[in-house]
1. Taking only protein heavy atoms and a 1.4 Å probe, what accessible area per residue, in Å², does the chain have with all protein chains in place?
2. Based on the alpha carbon coordinates of the chain, what radius of gyration and maximum Cα-Cα distance (Dmax) apply, in Å?
3. Calculate the length of the line joining the C-alpha centroid of the stretch 1-51 to that of the stretch 74-152, in whole Å.
4. Determine the share of the stretch 129-187's accessible area contributed by carbon and sulfur atoms, expressed in whole percent, with a 1.4 angstrom probe.
5. Measure up 96/135; 132/179; 76/126; 50/132; 121/179 against 32 Å on the Cα-Cα distance and list the ones that go over.
6. Spelling out what I want: for every residue of the stretch 155-163, take phi, set θ = phi - 60°, compute 6.51 cos²θ - 1.76 cosθ + 1.60 (Karplus), and round to whole Hz; glycine and proline get x.
7. Sort 45, 170, 66, 148 by heavy-atom solvent-accessible area, probe 1.4 angstrom, most to least.
8. If amide H atoms are built 1.01 Å from N in the plane of the peptide, which residues on other chains or at least 5 residues away come under 5 Å of the amide H of residue 33?
Amino acid sequence: MRVIARAVIRSGITLIYSQGFNPHPRLSLPLPRNVGLASDDELFCVRIEKSEGAAFRELIAEQLPCGFELVSVEVKERPVTYNPVEVEYLIRPARKVADIQKINEQIQSGSEILIERTINKQGDVKTVDVAKFLKFFEIAEQGVRVFCRVLPSGTIRPDEILKLVDMQPCEISSSITRKQVVWQIDE
C-alpha cells in the first residue's frame, strides 16, 4: 500500500486527501492480500482532482520500483465500487497433493466441505462449509490452480485451501499466488 501511495504522490497527479490532523491520499485496495500471499493481479483505487487527459499510466509507472508492473489505468467520472466475484490462486506444492479429483467431485455434487476456521487471536475455531466458495481445482504445469467464488458472506482463505489439499504452508515451494481476480463494477 505504501509503495503504491508513494508512486502516485511522486507522479505529480493532483490527489484528493483525507481531512484531519494527518491527511493522506484517498487510496484503497478493494481486495487486500493476506500476509505471505503473492499476487499477479492487484487493483487499487485513487481519488484524484478532475482529470484533464493526463497520461496517468506513464506518470505512475515511472515511479514504481522494479518488480511492479502497472498494466492499465481507468479514470471514472463518479465514485465506483469494485466487488470481487471470483479469484484464481496458484499453489506450487513441494510434494504430491491430496486427491484433487475427489475435491472436485465434492464441489460438483454440492456436498458440504467443512473446514475448521480460526476466528480470533485466542485460537477459537468454528466449522465453516467452504463448498459454496469453490468452483474447481485443476492440476497445471506450474502447480495446482484453484478457482474460488467471493460472495457477500465471504470466501475461502488461502490457508484453508492448503488444508483441503492436505498441505502445510512449509510444504509449498513458494508462496501461494493470486493469479487473477474477476470484478463486478457498481457505478
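1. On the way: 12220 Å² over 187 residues.
Counting only protein heavy atoms, the per-residue value for the chain is 65 Å².
2. 19.4, 56
3. 27
4. Numbers: 1520 of 3110 Å².
Carbon plus sulfur share of accessible area: 49 percent.
5. Details: 96/135 21 Å; 132/179 20 Å; 76/126 41 Å; 50/132 42 Å; 121/179 29 Å.
76/126; 50/132, as the Cα separations exceed 32 Å there.
6. Couplings: 7, 7, 8, x, 5, 6, 4, 4, 4 Hz.
7. Numbers: 45 35, 170 115, 66 140, 148 0 Å².
If we order 45, 170, 66, 148 from most to least accessible, we get 66, 170, 45, 148.
8. none
The values are calculated or read from the model by the stated rules, or taken from the named source; none is laboratory data. Model, not experiment: these values are computed from the prediction. We place every Cβ from the backbone using ideal geometry, glycine too, and count neighbours over all the protein chains shown. Just the protein is used for accessible areas: all its heavy atoms, side chains included, with ligands, DNA and RNA removed. Shrake-Rupley method; radii C 1.70, N 1.55, O 1.52, S 1.80 Å.
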